[in-house]
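Below: the structure, in structure tokens.
The values are calculated or read from the model by the stated rules, or taken from the named source; none is laboratory data. These figures come from a predicted structure and were not determined experimentally. Cβ placement follows ideal geometry from the backbone for every residue including glycine, while neighbour counts extend to all protein chains displayed. What goes into the accessible areas is simple: the full protein's heavy atoms, side chains included, and nothing from ligands, DNA or RNA. Shrake-Rupley method; radii C 1.70, N 1.55, O 1.52, S 1.80 Å.
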Amino acid sequence: MSLQLRQLSVRYGRGRNAITAVDHVDIDVPKGTTVGLVGESGCGKSTVARAVIGLVPVAGGQILLDGKDVTSDRARNSNVFRRSVQMVFQDPYSSLNPRMSIGSALKEALAHGRAAEESRRTAAEMIELVGLPQSALKRYPHQLSGGQRQRVAIARALAVGPDVIVLDEVTSALDVSVQGSVLNLLRTLQRDLGLTYLFISHDLSTVRYMSDVVAVMYLGRIVETTPTLELFAAPQHPYTVGLIESVPRLNHPRVRAPLVGDLPDPRNPPPGCRLSPRCPVGPIHRPDRKICTTEDPQAITELTVHRTACHFAARTAQPSVPV
Ligand code: ADP
């Protein structure tokens with residue numbers, strides 16, 4: 001199944017404290033592919049995930065599954081939707097009941113009304129699918145390592161036979177040494193089962209490894225969307241360039257200062273381009289570029305393969321170090 005977000009907006013709070021955490025976001029995830037959603041902490045990535053699976057209400061726009069509108073809370077809370085779309089979170093500890101064995105947790109995830117024998121067989125299949133021994137079924141969450149727990153969380157998501165999985169920072173809490181094996185498992189499962197992934201991470205290298213297409217998010221908006229290879233070979237948006245340059249590389253001293261300052265207060269986003277107070281090619285360095293503080297570049301984003309919301313995208317310097 002494909003997943004499409006059309007002009008999706010999500011708001012938190014009311015009055016002066018209201019924030020639009022997700023602001024007119026467009027993302028297309030074709031069937032069987034992975035779209036990576038990357039950006040600094042607080043930019044709205046998890047809110048996108050929570051909106052897709054129905055944990056927060058949608059303020060505007062649409063969520064489409066294979067072209068079918070599932071935006072209403074009722075649609076996203078239906079059993080049909082839950083069988084089609086699952087989510088795996090960053091911290092499997094918080095999503096697994098500490099008093100329930102892994103086998104029971106997997107059986108519980110299965111649709112009600114199944115015969116006990118069928119549930120047992122499916123749980124055994126799932127645990128094998130994620131590369132854990134059958135003995136893990138008798139264990140409790142605290143008896144497993146972080147990587148094993150995350151495999152269980154993946155098995156539980158797979159138990160209902162979904163087509164689309166939203167993966168939110170799934171390796172961020174894991175030791176670097178086991179991150180790769182969990183990512184490889186996800187890639188193998190995608191290939192074997194034809195899964196569609198929305199892969200969310202603040203970590204650019206993880207996103208690069210997993211994704212066919214990357215969407216870069218900044219302060220609630222998508223600022224650049226492009227096939228992964230092109231994103232790293234020819235990033236167009238200064239925010240993307242800043243993100244790429246901020247990844248530490250051995251033997252590559254940083255040549256150009258990346259982004260200055262912190263993420264602005266989302267309750268009061270800057271006018272014009274939201275990156276303008278921090279942008280290395282914007283008005284703080286180039287006073288002639290007033291347009292950045294007066295006109296919203298979101299409007300010039302065209303629906304092409306490589307989409308960029310920047311008035312000076314074509315003139316944005318390439319990363320100063322090879323990637
Ligand atoms: P990310 O996943 O990129 O770190 P989030 O989606 O968690 O970002 O947060 C986006 C913005 O929404 C942040 O400004 C955050 O403080 C705010 N936010 C997240 N959850 C809530 C909530 N339940 N109530 C109010 N504001 C929230």
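A few comments on the model shown:
- Restricting attention to segment 262-300, the residues being assigned to a loop (DSSP other than H, G, I, E, B), in contact with a Ser or Thr (Cβ under 7 Å, 6 or more places away or on another chain) and of a type in the set (S, T, N, Q) number 1.
- When Val223, Val260 are screened for being closer than 21 Å to Phe312 by Cα and either at pLDDT 90 or above or among the charged types (D, E, K, R) (or both), only Val223 passes.
- Filter result for Gly60 (outside the structural domain of Arg267 (by TED's automatic domain parsing), closer than 25 Å to Thr301 by Cβ, within 14 Å of the ligand (Cβ to nearest atom) and open to solvent by less than 40 Å² (accessible area, probe 1.4 Å)): no
Yes/no matrix, rows are residues, columns are (1) at pLDDT below 95; (2) in the same structural domain as Leu263 (by TED's automatic domain parsing); (3) acidic (Asp, Glu); (4) part of a helix (DSSP H, G or I):
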{"position": "Val182", "(1), (2), (3), (4)": "no, no, no, yes"}
{"position": "Arg187", "(1), (2), (3), (4)": "no, no, no, yes"}
{"position": "Gln190", "(1), (2), (3), (4)": "no, no, no, yes"}
{"position": "Ile200", "(1), (2), (3), (4)": "no, no, no, no"}
{"position": "Arg208", "(1), (2), (3), (4)": "no, no, no, yes"}
{"position": "Tyr239", "(1), (2), (3), (4)": "yes, yes, no, yes"}
{"position": "Pro248", "(1), (2), (3), (4)": "yes, yes, no, no"}
{"position": "His252", "(1), (2), (3), (4)": "yes, yes, no, no"}
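- Residue within segment 16-28 that is among the acidic types (Asp, Glu) and away from the ligand (no atom under 15 Å from the Cβ) present: yes
- Residue, nearest to the ligand (Cβ to nearest atom), within segment 63-94, restricted to residues that are among the polar types (S, T, N, Q) and touching a strand residue (DSSP E or B) at 6+ places or on another chain (Cβ under 9 Å): Gln90
- Condition met for Leu65 (modelled with pLDDT under 95, hydrophobic (A, V, I, L, M, F, W, C) and either touching a helix residue (DSSP H, G or I) at 6+ places or on another chain (Cβ under 7 Å) or open to solvent by 50 Å² or more (accessible area, probe 1.4 Å) (or both)): no
- Condition met for Asp23 (surrounded by 22 or more Cβ atoms within 10 Å (Cβ to Cβ), assigned by TED's automatic domain parsing to the domain that holds Thr206 and farther than 15 Å from Val166 by Cβ): yes
- Taking residues in segment 260-277 that are among the basic types (Lys, Arg), and partners anywhere that are open to solvent by less than 60 Å² (accessible area, probe 1.4 Å), the pairs with Cβ atoms closer than 6 Å and at least 6 places apart or on different chains are Arg267/Ile19; Arg274/Leu219.
- Pairs meeting the criteria (first residue in segment 89-102 and over 21 Å from Val182 (Cβ atoms), second residue among the basic types (Lys, Arg) and loosely packed, with under 14 Cβ neighbours inside 10 Å, beta carbons under 7 Å, at least 6 apart or on different chains) are Ser101/Lys138.
- Comparison of Ser41, Ser46 shows that the only residue that is part of a loop (DSSP other than H, G, I, E, B), in contact (Cβ under 8 Å) with a residue 40 or more places away in the chain and either near the ligand (Cβ under 9 Å from one of its atoms) or open to solvent by 60 Å² or more (accessible area, probe 1.4 Å) (or both) is Ser41.
- Any hit, segment 71-81, residues being β-branched (Val, Ile, Thr), in the same structural domain as Thr47 (by TED's automatic domain parsing) and open to solvent by 40 Å² or more (accessible area, probe 1.4 Å): yes
- Single match in Arg187, Arg221, Arg208, Arg191 (criterion: under 30 Å from Pro238 (Cβ atoms) and surrounded by fewer than 21 Cβ atoms within 10 Å (Cβ to Cβ)): Arg208
- The lone exception for Val35 - which of (1) more than 13 Å from the ligand (Cβ to nearest atom); (2) closer than 30 Å to Asn184 by Cβ; (3) not in a strand (DSSP E or B) it fails: (3)
- Among (1) part of a loop (DSSP other than H, G, I, E, B); (2) surrounded by 18 or more Cβ atoms within 10 Å (Cβ to Cβ) - the single one Pro98 does not satisfy: (2)
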